[in-house]
Amino acid sequence: MSNNENSKNNRKRIYLSSPHMSDEGYEQQYVQQAFDTNWIAPLGENVNEFEKEFAAKVGSKAAAALSSGTAAIHLALKAAGVGKGDIVFCPTLTFAATANPIIYQNATPVFIDSDYKTWNMCPKALQEAFEKYPNVKVVIVVHLYGLSADMDKIMEICNRHNVTVIEDAAESLGTYYKGKHTGTISDYGIYSFNGNKIITTSGGGMLVSNNEERIQKARFWATQSRDQAKHYQHSELGFNYRMSNVVAGIGRGQLKVLEERVKKKRYIYEFYKKELGHFHGVDFMPINDWDEPNCWLTALTLSGKVRPIDVMEALEKENIEARPIWKPMHMQPYFEQYEYVGGDVSDKLFENGVCLPSDSKMTDEDLERVCKIVKGLWSK
Ligand SMILES: *Cc1c(COP(=O)(O)O)cnc(C)c1O
């Protein structure tokens, strides 16, 4: 025991998911180029090239590099025409950044439950929501933890109602749904390069669409809606949402190692599954036949005597980070005033779910260390 205590302080912390720059130093090369030309800000070659390279990577016609994923959701809602009083369907099981921009646009969210098959938006609950709120303007779908939602069913329902769909692919860059990148299956897709995402620029986001004119418009709003005039003229409300040229340089470098990161994250998932999958009450996050997930985080549910809090506490004692699954929006003090359609699936996932450390810098030794601690909980 005292041995353990001693070594604890010497042991490096293991994170859920933290920044991981390329071994080759690609990011610094692009950032250096920006410095060499003094174009560290505002826009410049890195921003233009990052947009082109990103759009090509995911297979979309156009992309706008922005200051965050949240900003990308905000401008997607604006591009889709969401305004005061409009209803927007949003999955309840997500990070608050999916829902906040709905409020920025003075629109009204209606939260939709998950299903166990995907952990994402339940098509049945979505159908029910359409019956209750036929005048809905936009549907936001999230691909949580890098698992793709049931897109064929969701798109079929949304197309039948002629409604614009936005995919929040903040956590799923590198995930394919039936061979297509998540974020490119519907009208708009958004991605995040926040510090904990699969690739990061320290902070940033991307909006993609095959509608080039709408992406051009998003760039215009993101740069304070400056009209084409020498004097400063504005005919529309603007935002300061553009990505800087330095940040875009980091993004260009990170994009080169995306496949490597996905490979490692999937390895981590397989490792945990092999080591922990057979323990009583353990169910790993669902991977469907259509899905090639990026496994951004490995999440699982616990239905036996070992509870998520036991796992989190045992790991924290050893300087290892683990987290619960997102707390549903309809249970949040700020959002509980809004309508909710569905049952208790997302509540149950929150109650029983835990995310294991899934940092792409983890070694086999780190993974074994985590597994040993978690396994120990069953023999208590
Ligand atoms: C991280 C995240 C976002 C927001 O991205 P930021 O770049 O941090 O603004 C949006 N939605 C989901 C599901 C996320 O996980």
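The values are calculated or read from the model by the stated rules, or taken from the named source; none is laboratory data. Given the structure is predicted, the values throughout are model-derived calculations rather than measurements. Positions of Cβ are backbone-derived with ideal geometry, glycine not excepted, and every protein chain shown enters the neighbour counts. Side chains are part of the model used for accessible areas, which takes the heavy atoms of the whole protein and leaves out ligands, DNA and RNA. Shrake-Rupley method; radii C 1.70, N 1.55, O 1.52, S 1.80 Å.
Couple of notes before you dig in:
- Filter pass, Lys230 being free of Cβ contacts under 8 Å to residues at least 40 places away in the same chain and within 15 Å of Leu173 (Cβ to Cβ): no
- Sub-7 Å Cβ pairs linking a first residue in segment 60-79 that is within 12 Å of Ala170 (Cα to Cα) and within 15 Å of the ligand (Cβ to nearest atom) to a second residue that is open to solvent by 10 Å² or more (accessible area, probe 1.4 Å) and among the aromatic types (Phe, Trp, Tyr), at least 6 apart or interchain, are Ala71/Tyr241, ordered by first then second residue.
- Single unsatisfied condition, His231 versus (1) in contact with a Gly (Cβ under 8 Å, 6 or more places away or on another chain); (2) assigned to a loop (DSSP other than H, G, I, E, B): (1)
- The number of residues in segment 257-298 being part of a loop (DSSP other than H, G, I, E, B), closer than 16 Å to His181 by Cα and either open to solvent by less than 30 Å² (accessible area, probe 1.4 Å) or touching a residue at least 12 places away in the same chain (Cβ under 8 Å) (or both) comes to 7.
- So Gln216, is it out of contact with any Gly (no Cβ under 6 Å at 6 or more places or on another chain), of a type in the set (S, T, N, Q) and not assigned by TED's automatic domain parsing to the domain that holds Cys355: yes
- Residue in segment 200-212 that is open to solvent by 10 Å² or more (accessible area, probe 1.4 Å), under 30 Å from Lys348 (Cα atoms) and in a helix (DSSP H, G or I) present: no
- Test: residue in segment 180-194 that is under 16 Å from Thr94 (Cα atoms), within 13 Å of the ligand (Cβ to nearest atom) and open to solvent by 10 Å² or more (accessible area, probe 1.4 Å): yes
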